[in-house]
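One structure is given below, encoded as structure tokens.
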Amino acid sequence: MTIKQGDKLPSGTLKIMGADGPQNVTTEDFFAGRKVVLFAVPGAFTRTCSAKHLPGFVGHAGAILAKGVDAIACISVNDVFVMDAWGKDQGVGDKVAMLADGSAEFTRALGLDADFSERGLGIRSQRYAMIVEDGTVTGLFVEAPGAYEVSAAEAVLATL
């Protein structure tokens, strides 16, 4: 079952790189009491993700936050070390939280997983963006396979 607008996010534990190394962060803690724009990419360091998706949210972070958003987060089925290195490579700083779902448990719970085994990538996430308010999905923008339109920073900004 795929998550839809109006649903509560499933409970899960993600990883984020902290000052002292990898840290667990629960979905309840991360999304509680705030408005978050979450976007997912099929893989860190991949072509569209690195050239357009993440840079778009970094570049538009100020405008997105000015619309009453408390945080922007990127999630991928990669480990926390890869997500941290990708964030540094892309100059993310504190504009976007880089969340790791290394085993795809949260992604599967959302029903937004995708099998890219034929490309040698295994189970990954579909490309999407969502607006989450206090743990409830208030906007969901899932891309068609191979597309990059509705989950782009500019598209999400236009809906806020």
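Every read-out reported here was derived from the displayed coordinates using simple, explicitly stated rules and does not represent laboratory data. Here the structure is a predicted model, which is why all the values come from computation and not from measurement. All Cβ positions, even for glycine, are placed from backbone atoms using ideal geometry, and neighbour counts span all protein chains on display.
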Once you have the Cα-Cα distance between GLU133 and PHE81, take 0.36 nm times their residue separation minus that, and quote the gain in nm to one decimal.
15.9 nm
To make sure I understand the rule: partners must be lysines, Cα under 20 Å from the Cα of LYS88, and not fewer than 8 residues away in the same chain. Which ones qualify?
LYS15, LYS52
How large is the dipole of region 13-60 about the Cα centre if only Lys and Arg carry +1 and Asp and Glu carry -1, each at its Cβ, rounded to the nearest 20 debye?
280
Exposure proxy ranking, count of Cβ atoms within 10 Å, fewest first, for ARG119, ARG127
ARG119, ARG127
Cut-off 10 angstrom, C-alpha nodes, Gaussian network model of the chain. Which of PRO145, PRO42, PRO22 fluctuates the most?
PRO145
Mind checking the full-extension length gain between GLU118 and ASN24? Use 0.36 nm per residue of separation minus the Cα-Cα distance, one decimal, nm.
30.8 nm
Find the all-direction average of the projected area of the Cα convex hull for region 13-159, expressing the result in square nanometres with one decimal place.
7.9
Residues with amide H under 5 Å of ARG34's amide H, sequence separation 5 or more or different chain, H placed in the peptide plane at 1.01 Å from N; which?
ASP134, GLY135
Along region 101-115, Karplus-curve 3J(HN,Hα) (6.51, -1.76, 1.60; θ = phi - 60°) to the nearest Hz, with x for Gly and Pro, reads 10, x, 9, 6, 5, 5, 4, 5, 4, 6, x, 10, 7, 9, 9
From the backbone phi of region 134-139, what are the Karplus-calculated ³J(HN,Hα) couplings (6.51 cos²θ - 1.76 cosθ + 1.60, θ = phi - 60°) in whole Hz, Gly and Pro given as x?
6, x, 10, 6, 10, x
For LYS8, which lysines qualify as cross-link partners when the Cα separation must be under 23 Å and same-chain residues fewer than eight apart are set aside?
LYS35, LYS67
Quick check for me: using +1 on Lys/Arg Cβ and -1 on Asp/Glu Cβ, what's the dipole size of region 13-159 about its Cα centre, in debye to the nearest 20?
360
Which of THR107, THR48 has the fewest Cβ neighbours within 10 Å, and the rest in rising order
THR48, THR107
